[in-house]
Amino acid sequence: MEIKEIVVISGKGGTGKTTVTSSLIPYFQNVVIGDCDVDAPNLQILFNPQNTVKEDFLGMKKALLNKELCINCGKCYELCKFDAVENIKKCESCGLCEYICPVGAIKMVDNKAGEIFESDTKYGKLIHACLFPGEENSGKLVAQVRKKAKKTAEEQNMEYIILDGAPGVACNVISSLTGVKKAVIVTEPTLSGLHDLERVLNLIERFRIKPYFIINKYDLSPEISKKIEEFLHKKGTEVSVKIPFDKKIIKSIIKKSIPSIEEKEFFEKIGFKKLAEELKK
């Protein structure tokens, strides 16, 4: 059985991407959930994860100075462009200091850059991760989350993987999209939302991914929502769901409840069930 991966992305932060992801998941059975927003993971807040297993994520190697071997020749201080000889957090992993040290006092060592978690939820396994502040390689960590989610789905004979992607169009988003067949793109009725939607659409066209579009809080600016719909129409596609601004959604999130469960009638009325059925095909 082929595992169907579905990713939810947005061109910018704050559009309601995670709210949409969490609200789609209850419409699926046999699903593994992945949170690929490793810089700011918050999907687990609504899913009350249990029995969490944690493992370290190793990023790029970092330079470590052994002061007992060091002869204070100063070559590493002179040639390091990042002033990282005594501050491992500044190290950019180039390895120059290890190469030029005449006595082998500097070694490139493994660096713990984050953590990966596997948790149980009411709706299935949740694979999530957190990149430590200031660390890089978010794309690599996203790839690890997806790899673990796919392995879990294969072991448990699950049909779907639903991924909460990162916002924007950077490497972590590209890592979220690679190999995925369907993507839900969440935008908002602002000029920046429209601009970032164009960038996201250009990106997914390169991956030949079938897109589904959601305008969140569309009624806050009907004028720009119309511009978004016109833009998508010119691209040969259309909006699947328009979510009105409603305080009931905010209240459900404050209660740490999944909005589509707390307000099931509201979400079915705006077409979430229909969208889920399309995504399952």
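The values are calculated or read from the model by the stated rules, or taken from the named source; none is laboratory data. As the structure is a prediction and not an experimental result, all values here were calculated from the model. No Cβ is skipped: glycine too gets one built from the backbone with ideal geometry, and neighbour counts run over all protein chains shown. Accessible surface is based on the protein model in full, side chains and every heavy atom, while ligands, DNA and RNA are left aside. Shrake-Rupley method; radii C 1.70, N 1.55, O 1.52, S 1.80 Å.
Counting only residues that are open to solvent by less than 50 Å² (accessible area, probe 1.4 Å) and touching a residue at least 60 places away in the same chain (Cβ under 8 Å), which one in region 220-255 is farthest from residue 270 (Cα to Cα)?
First, pick out the residues of region 220-255 that are open to solvent by less than 50 Å² (accessible area, probe 1.4 Å): 221, 224-225, 228, 231-232, 237, 239, 241, 243-244, 246, 249, 252.
Next cut, touching a residue at least 60 places away in the same chain (Cβ under 8 Å) only: 243, 249.
On the way: 243: 7, 249: 13 Å.
Result: 249.
Filter region 199-211 down to residues that are open to solvent by 70 Å² or more (accessible area, probe 1.4 Å) and assigned to a helix (DSSP H, G or I) and give me whichever is farthest from residue 4 (Cα to Cα).
This residue is 199.
Can we say residue 129 is of a type in the set (Gly, Ala, Ser), within 29 Å of the chain's Cα centre (by Cα), crowded, with 19+ Cβ neighbours inside 10 Å and modelled with pLDDT of 95 or more?
Taking the combined requirement at face value, the residue satisfies it.
Hey, can you tell me all the residues within region 85-109 that are hydroxyl-bearing (Ser, Thr, Tyr), modelled with pLDDT under 95 and within 11 Å of residue 75 (Cα to Cα)?
Of everything in region 85-109, nothing turns out to be hydroxyl-bearing (Ser, Thr, Tyr), modelled with pLDDT under 95 and within 11 Å of residue 75 (Cα to Cα).
When the residues of region 81-105 are filtered to those that are open to solvent by less than 70 Å² (accessible area, probe 1.4 Å) and farther than 29 Å from residue 143 by Cβ, which remaining residue is nearest to the chain's Cα centre (by Cα)?
Once the filter is applied, the top-ranked residue is 85.
Does any residue of region 185-197 turn out to be in contact (Cβ under 8 Å) with a residue 60 or more places away in the chain, in contact with an Asp or Glu (Cβ under 6 Å, 6 or more places away or on another chain), outside any strand (DSSP E or B) and open to solvent by less than 10 Å² (accessible area, probe 1.4 Å)?
no
Counting residues that are open to solvent by 20 Å² or more (accessible area, probe 1.4 Å), which strands (runs of 3 or more DSSP E) fully inside region 19-80 reach at least 1?
50-58, 62-65
Would you please list the contacts, defined by Cβ atoms under 6 Å and residues six or more apart or on different chains, that run from a residue in region 137-166 that is closer than 18 Å to residue 119 by Cβ to a residue that is open to solvent by less than 50 Å² (accessible area, probe 1.4 Å) and among the acidic types (Asp, Glu)?
Note: pairs meeting the criteria are 161/5; 164/35; 164/37.
I'm trying to understand the selection: among the residues of region 256-276, which are open to solvent by 50 Å² or more (accessible area, probe 1.4 Å), under 25 Å from residue 180 (Cβ atoms) and touching a residue at least 40 places away in the same chain (Cβ under 8 Å)?
273
I need the full set of residues from region 138-167 which are open to solvent by less than 10 Å² (accessible area, probe 1.4 Å) and under 14 Å from the mean Cα position of the chain (by Cα), in order please.
Once the filter is applied, which keeps residues that are open to solvent by less than 10 Å² (accessible area, probe 1.4 Å) and under 14 Å from the mean Cα position of the chain (by Cα), region 138-167 yields 141, 142, 145, 149, 161, 162, 163, 164, 165, 166.
Residues that are out of contact with any strand residue (DSSP E or B) (no Cβ under 6 Å at 6 or more places or on another chain) and polar (S, T, N, Q): which strands (runs of 3 or more DSSP E) entirely in region 106-170 hold 1 or more of them? Even if it seems obvious, please write down each step before you answer.
Details: elements: 106-109, 112-121, 124-131, 160-167.
The qualifying strands (runs of 3 or more DSSP E) are 112-121.
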